[in-house]
Every structure is written in C-alpha cells, then in structure tokens.
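Take a look at the structure below.
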Amino acid sequence: MIRSFLTVSMGTLASRLLGFLRDAMIAGLLGTGPVADAFLAAFQLVNVIRRLLTEGALNAALVPAWLKLRETEGADAAARFAGRVLGTVSVALAAVTLLIGVAMPLMMSALAPGFLGHATLQFAVDDARLMLPYLAFAGPATVMLALASAQGRFLLTAFSPLLFNIALIAVMAALIVARHDAATCALVLAATVGVAGLLQLGILVLRRDGKAAARPTVSFDAPMRGFLARALPAMVASAGPQLLALAGAVIASASPSAVSWLYFANRLVELPLGIVGVAMGTVQVAELARAVRGGEARAVTEAESRGLELAAGLALPATLGLIVLSAPIVRLLFEHGAFTAADSSATARVLMVLALALPAHVLVKALSPAFFAREDTTAPLLATIKGIVVAIVTALLLGHFFGAAGIAAGIACGAWSNAASLVRHGAATFGFSIDAAARRRLPRIVAAALIMGGLLWLAEGFVPAFTHALAQAATLAGEIAAALAVYGALLTLFGVTSWPKAVQAIRQTRSRDLRA
C-alpha cells in the first residue's frame, strides 16, 4: 500500500506544483479585480464538479463493486459491469453538462449573489460555459482511472492529471507574449479547460485495458441504479473540501477581491491535501475493499493504521509550515503583475486561518475509505452535509466581523465538524482498527511536528525580508529544506520511521512501474 501511495503522491505532487505555476500565472494575468473574481468563481464551480468525479471519489463506489463482481461472478461479469458504468456515466454527464450550460445564469446567480447587478456576473457565466465541456470528458476518464486502480495500476492515475495544468500553462505563456487584456485572457483560459479534458481522455483511451471493461453500453437497470445510488453520495462526500471552499466563495462574493484571496489561499492548502487525499481515495479504498471482502481483519487494521500514520505524518508539518511561512509563500508565488502587496497581505492572513482546516480535511480522507470499503457512502455524505451547514453559519457570523479571514475560519470549523462526525459514527458502528504500532507512533509524529513548527517560527524571526524574487525563493527553499531535515531527524530519533526502508520502498516502486 505504501509503495502505491508513493506512486500516486508523486504524481499528485507534480500536478500540484504545476498548479502553483498555473495559479501564479493567473494571478499575474488577471489580478484580483472583477474579471479575476468572475473567472475564479467559474473555475471553482467547474473544479468542484470535476472533483466530485476525480481524485478518488468514483473509486469509492466503483472499486468495491468491480472487485466484488470479479470475485463472485468472474472477470467477464466485472468487465460487462464496467462497460455499462462507462457508457452510462458518459451519456449522463454529457446531458448534465448541457443542462448546466443552459441554467448557468441562474446557477451562478445563486452561487455568487454578490455579483448580481454587476458585469462580474456575465463574465462568470461566460467563463463557466466555456469550461463546461471538461465535465463531459472527465466522466469516462475517471471510470478508466478507477478501473486501473482496482487492478493495482496507479501510475497512469497518478500522472494523467498533469495534462490539465500543462495545457493551461502553455496557453497562458502565449497570452503573456500576446499581451491581451484581462477579459480576453479569461475567456481563452476558460476555453482551454475543455481542451485539457479532451487531451486527458485521449491519453486514457490510447492506454485503455480492454480486459477491465467491455464495450461501453448505456443501462439504467437495477444493478446500475444501485451502483449510482452508492456512487452519488460518495462523490459528494469525497469533494467535501471543495464544497466547503465553494460555500466560502458564495459568502465572499459580496466583498470585492475576497473570492480571489480565498481561492489563492485554498490552493496552497490543497497541495498537501491533494498529495494525501488523492492517494487515500485511490489506494486505500482498493486495499481496504480487498481486505473487507476477504474477511481479513488483520489486513483491515494494517491498512487503516498505516493510512492514518501517513496522513498525520504529512498533514501536521504542512499545516504548521503554511501558518508560519504564509507571508513569504504568498509573496513569492503570487505578488507580481496585477497582484499587489495588499493582496498578498490579505491572502496570507486568510491562509494562516485556512491552514487550520488541513488536518481535519486529511483526517476525513483517512477515515472515509473505511466506510467506502464497506459500501457505506451514506454516513460520509451526512457528515459532509453537516460540515457544510456548520461552515456556512460560522462563516456568515465571523465573516461579518473579520472579513475573508472570518470566512476562512468558518471553513475550518466545517472541516472539523465533518471529521468529528465520521469519528463518532465509525466508532459506533464498526469501530476503527488501529494497531499497537500506530498507537505508539502517532503521538511521536505529533511531537515531532510541533517541535519542527516551533523551531521554524523562531527561525522566521531572524530571516531578513528580501525584495528580489530569486533571493526570496532561495530563502524560502532553505527554510523549508531545513524544516524537513529537522522533522525527518526527529521522526528517526523518536523511532517512527527508518529512512533506509523508505528509500528501498521508493526504489521498489520505480522498478515495478518501469516493468508495468
């Protein structure tokens, strides 16, 4: 599981780093005015729908069902089922995409009420309509990736999302050279989103495994309706962080530039969340589903324990690092072109608060596979809905007093509500199985992260503020590298991990992927 986790995490890390470059270029091209707010509101809407399908969401329903059919009725029955899922999802999403496009003015008015009466609303509607074709391509692509995950083939799942960011970066580079106005740049970028989805689907079609899925057909028979009844709640539950961010954007739409500040701060939180969350949704669901289907209690405990350790080991230092280094990170990545120093300061304040949601988001990603593997998608859905309600109520209250930072605090409260609900429900129903090694390691991981964060906070007070971008980058890289070295040394000192074993796992992953 750890080798597969590393494969997916490395691909996600590469995609997220390209995403930072993409967002830095968006900030430079569009700034934080009405055009940027409209584009980012539309982008978040499409992104939420995209992530309802991708980043392990469809795995939650498809992988357990496909494995169950293969074990009970054979490979041919599983392939026919996968073919029906592929055809049905493709047709259904094409129809949904068309309906959303027609209803986009009403939808955007509801999602961004602060845009009403301003040209920003029409900008957002135009941008969102141009982005929508991506959704039609994302459906079949996601089914193919889920089938690859069910077979333990994670390399394509990990690296195919790179095409999305590569396409946008290439187009933005051309726009920078052409020096178009912001409104034109936003429309071109919106259209490129759909093209990026087509590229990703094309690669997957070329690499498609015919044994996993039969010829695509459309079916709404009883088994398919049962699958969809499990899949839809799982998709909503898996997109909890994005739905919380969207709820924050709805509330922030009434304040100028607040949508942009929240978006860019959330993008920084999504780097560690994506690395952990995608891997959890892609790898751990498959591992737990096999263990649960086989009645292997020890394997279930092992998968849940290692998943929780990995989640805590990555999320805690990332949270503290984002809080301590919020100002230099935002300044380096986004403060150029139309993105001003005032925007950097506001975004950094939002980031410091929003980072508090990261451990909760990761905890949800670590706990949800235990439900999905048992084909229970209702409990995570209810926990997500409760978290959204808590976020909206808290954000409305705190946003009135503290602006965008208050909205970020509401999002954090919603994330922790979601996590607490899953813990309570899981403990009351099947009980989470954590072995003795995890009970020993988890407190040590927390201690190592807290010590690292404290040392980083002390060191930040002695670091001079540079104005040149290269000096800023070198300083920030040095601080991050030193913090990681300290954290790694503490994990070794506390007996949490053995780095020679970690290197061996990475080498085994590389060798296996090269053979694949």
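Expressed as a whole percentage, what fraction of the accessible surface of the chain belongs to carbon and sulfur atoms when a 1.4 Å probe is rolled over the protein heavy atoms?
Numbers: 14550 of 20840 Å².
With neighbouring chains kept in place, the figure for the chain is 70 percent.
Ranking request for peptides 480-486, 75-81: highest mean number of other beta-carbon atoms within 10 Å first, then the rest in descending order. Could the numbers behind the result be given before it?
Working: 480-486: 14.3, 75-81: 17.7.
The peptides rank, most packed first, as 75-81, 480-486.
Let's see if you can work this out: charge +1 on each Lys and Arg Cβ, -1 on each Asp and Glu Cβ, no other charges. What is the dipole magnitude of the chain about its Cα centre, in debye to the nearest 20? Intermediate results must be reported in sequence, preceding the final value.
Numbers: 38 positive and 25 negative charges, 273 e Å.
Roughly 1320 debye, rounded to the nearest 20.
Match the structure shown to one of the listed values (i) 26; (ii) 57; (iii) 32 of percent of Cα pairs over 37 Å apart, computed from it, and give that label.
(i)
Step through the residues of segment 388-397 one at a time and calculate ³J(HN,Hα) from phi using the Karplus curve (6.51 cos²θ - 1.76 cosθ + 1.60, θ = phi - 60°), rounding each to whole Hz and writing x for Gly and Pro.
With the stated coefficients, segment 388-397 comes to 5, 4, 4, 5, 5, 4, 5, 5, 4, 6 Hz.
What shape does segment 400-484 take by its C-alpha gyration tensor, where a ≥ b ≥ c are the square roots of the eigenvalues and a/c under 1.5 counts as rounded, a/b above b/c as prolate, and the rest as oblate?
Working: a/c = 3.48, a/b = 1.53, b/c = 2.28.
Since a/c reaches 1.5 but b/c is at least a/b, the shape of segment 400-484 is classed as oblate.
Accessible area per residue, 1.4 Å probe, Å², for the chain: what's the number?
Working: 20840 Å² over 516 residues.
Value for the chain: 40 Å² per residue.
Can you tell me which of 240-250, 179-189, 331-341, 379-389 comes out highest on packing, and rank the rest after it, using the mean Cβ neighbours within 10 Å?
Values: 240-250: 25.0, 179-189: 16.8, 331-341: 18.6, 379-389: 21.1.
Per-residue Cβ counts within 10 Å, averaged per peptide and sorted highest first, yield 240-250, 379-389, 331-341, 179-189.
I need the shape label for segment 76-176. Rule: rounded when a/c is under 1.5, else prolate if a/b > b/c, else oblate, with a, b, c from the alpha carbon gyration tensor.
Oblate.
Grab the other residues whose beta carbon is less than 14 angstrom from that of Val486, score K and R as +1, D and E as -1, and report the net.
Numbers: positive: none; negative: Glu460, Glu479.
Within the 14 Å Cβ shell, the charges total -2.
Select from Leu18, Ala355, Ala247 the residue farthest towards the positive end of the dipole of the chain; place +1 on Cβ of Lys and Arg, -1 on Cβ of Asp and Glu, and compute about the Cα centre.
Looking along the dipole axis, the top candidate is Leu18.
Sort the following peptides by mean Cβ neighbour count (other Cβ atoms within 10 Å, averaged over residues), highest first: 353-359, 303-309.
Result, highest mean first: 353-359, 303-309.
Relative contact order (percent) for the chain, with alpha-carbon contacts under 8 angstrom and 6 or more residues of separation?
Working: 803 pairs, mean separation 114.1, N = 516.
Relative contact order, the chain: 22 percent.
The values are calculated or read from the model by the stated rules, or taken from the named source; none is laboratory data. What you are looking at is a predicted structure, and each value in this text was computed from that prediction instead of being measured. Here the Cβ is made from the backbone with ideal geometry for all residues, glycine too, and neighbour counts use every protein chain on show. In case anyone asks, the SASA skips ligands and DNA or RNA and just uses the protein heavy atoms, side chains included. Shrake-Rupley method; radii C 1.70, N 1.55, O 1.52, S 1.80 Å.
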